[in-house]
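The values are calculated or read from the model by the stated rules, or taken from the named source; none is laboratory data. From a predicted model like this one, the values you see are computed outputs, not experimental measurements. All Cβ positions, even for glycine, are placed from backbone atoms using ideal geometry, and neighbour counts span all protein chains on display.
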Amino acid sequence: MNNPKYLLEADDDARKSPVRLVVVQGERRPAVDAADEPQVMTWPHLMLREAIALVVISLALSLLALFFDAPLEEIANPQKTPNPAKAPWYFLGLQELLHYYPPLISGVILPGLVIVALIVIPYFNINLKREAFWREDIKRKLLFFWIAVIGLSAVFLFTSAHPVWPLLIPLWAIAGMMMIPAVSSRRTGWVGWLGDRSLAFWIFLWFLVASIALTVIGTLFRGPGWQYTIPWIDGVY
Amino acid sequence: MIKPIPQTPQTWMDTLTQNRVFRSIVRRGLSDTNRNRSLAIFSNFFLHIHPVKVNVRAIRFTRTFYLGGLSAATLFILIVTGVFLMFYYHPSVPRAYDDMKDLQYVVYMGPFLRNLHRWGAHAMVALVLLHMVRVFFAGAYRPPREFNWVLGVVLLVLTILLSYTGYLLPWDQLAFWGVTVGTNMADAVPLMGESMKFLLLGGTKVNENALLRFYVLHCVLLPLLIVLVLCVHIWRVRKDGGVYLGDEPASGGEE
């Protein structure tokens, strides 16, 4: 902090200190910026929409509950292990990773890293403004880009029990998409749109596509012994 | 145009809203003047959640798909159905499973109640994830909203924990082995893995103690936490200027 304009003194007597009632600073509040845009009254416009949303979701879930029964199998039996034993769907991506990496990596380090990465996203000072990745300094970026892609590919090809295709294929697909604006001279249309994306966008996209791939494979395409199955032939385990 | 407020009740709605009891609760009638509409928010609890006026773009469905609101609505449905389910449930072995069978065949509308809670739980996990994805792609996590993003991540973790602790409660094969697979991962945590698992399960295996612990976590501790964090989360949305509407136009100048 470089010399604040105002110092609010600390004191035990709350009636005397601070003495001034209000200090207006040149600080920008987000709500103030958009003051010129058309506005409506929260009551009834927003609150009515909220009420409708509540009714719609209640109705949708009620219909689901009327026509589809929640699963209930036989009573828990520690002596009888089902094959495969599957966790709930939102953990099946992790369980699928367990097939490639030991539990320490797939069950502790990777999910831990994901949570930490999610938390630090807004504090990650690099490119908070989300500038387009290829905007400037393309030569140096291309070098780092290919080192990163080849390095990650090597990690997921050779450090695991089997090549981690659910991570590798999205990685290569997204790397390919990132390369289009780097090699193309077009700056408009969809190429321009791709070129305007930030690095954070691409990394999150990879995380998203890879999570979906892992979860779908773990949920639908894995059967006894965690072998591949085809859901429409062998059924879903 | 200013409409005169009728002094004598004219419709059943007036009769309902123009009396001391109703006014003592919401302070305002269902008035159609903008002054009273703003006071309906301003003089009520709603000011904690909503500003008096909102930008038209912020309430458009395609802006947010109402994913955050729908997540909160699902949580509300889950709390209501969850409280009803608690009336029929004993967290002990094998009573827990018998209660499931009772819900299935004996309790009036029992299957509906359990189905609604089950599908609601899945829906909430999905909606919260979609909400996070939407917020990321909109770039709404950037200052001044960065801490609200962190609270959102906390809420996501709490949602998954709630869903996961609830997964064990039916005490069927699906529940038992689903939770066994998950808690076995705790073994892999270096140094404190075993003690962490022991703390979570009240033993070395998924058994009666684990059921009781998961029950208390699912019905008391985690719901309290999620409601608390959710309140702050929603309050901060308003304090940070409402729904993120894209980058401000770079006119500036009034700094």
Anything in the stretch B:103-122 that is part of a helix (DSSP H, G or I) and among the hydroxyl-bearing types (S, T, Y)? List them, or say none.
B:Y105
Note: among A:P122, A:P111, A:P103, A:P163, just one is within 14 Å of chain B (Cβ to nearest Cβ) and farther than 30 Å from B:R145 by Cα, namely A:P103
Identity of the residue in the stretch B:34-82, more than 10 Å from chain A (Cβ to nearest Cβ) and of a type in the set (S, T, Y), that ends up farthest from the chain's Cα centre (by Cα)
B:S43
Residues to consider are B:L103, B:L162; find the one that is buried (at least 22 other Cβ atoms within 10 Å of the Cβ), more than 13 Å from the chain's Cα centre (by Cα) and among the hydrophobic types (A, V, I, L, M, F, W, C).
B:L103
Could you pull out every one of the helices (runs of 4 or more DSSP H) wholly within the stretch B:163-226 that has 3 or more residues that are at pLDDT 90 or above and closer than 24 Å to B:V80 by Cα?
B:208-216
Filter result (in a loop (DSSP other than H, G, I, E, B) and either at pLDDT 90 or above or touching a Phe, Trp or Tyr at 6+ places or on another chain (Cβ under 9 Å) (or both)) within the stretch A:123-157
A:N127, A:R130, A:F133
Considering only residues of the stretch B:14-33 that are assigned to a loop (DSSP other than H, G, I, E, B) and of a type in the set (K, R), which is nearest to the other protein chains (Cβ to nearest Cβ)?
B:R28
Do the conditions hold for B:F214, that is, is it surrounded by fewer than 19 Cβ atoms within 10 Å (Cβ to Cβ) and not hydroxyl-bearing (S, T, Y)?
no
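A quick yes/no check of all residues on (1) under 14 Å from the mean Cα position of the chain (by Cα); (2) at pLDDT 90 or above; (3) part of a helix (DSSP H, G or I):
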| site | (1), (2), (3) |
| --- | --- |
| A:L171 | no, yes, yes |
| A:I174 | no, yes, yes |
| A:R186 | no, no, no |
| A:L194 | no, no, yes |
| A:F201 | yes, no, yes |
| A:F204 | yes, yes, yes |
| A:F207 | yes, yes, yes |
| A:A213 | yes, yes, yes |
Which condition number in (1) over 19 Å from B:V216 (Cα atoms); (2) more than 9 Å from chain A (Cβ to nearest Cβ); (3) in a loop (DSSP other than H, G, I, E, B) is the one that B:P143 fails?
(2)
Which one is surrounded by the most Cβ atoms within 10 Å (Cβ to Cβ) among residues in the stretch A:65-100 that are touching a Gly at 6+ places or on another chain (Cβ under 9 Å), within 7 Å of chain B (Cβ to nearest Cβ) and part of a helix (DSSP H, G or I)?
A:Q95
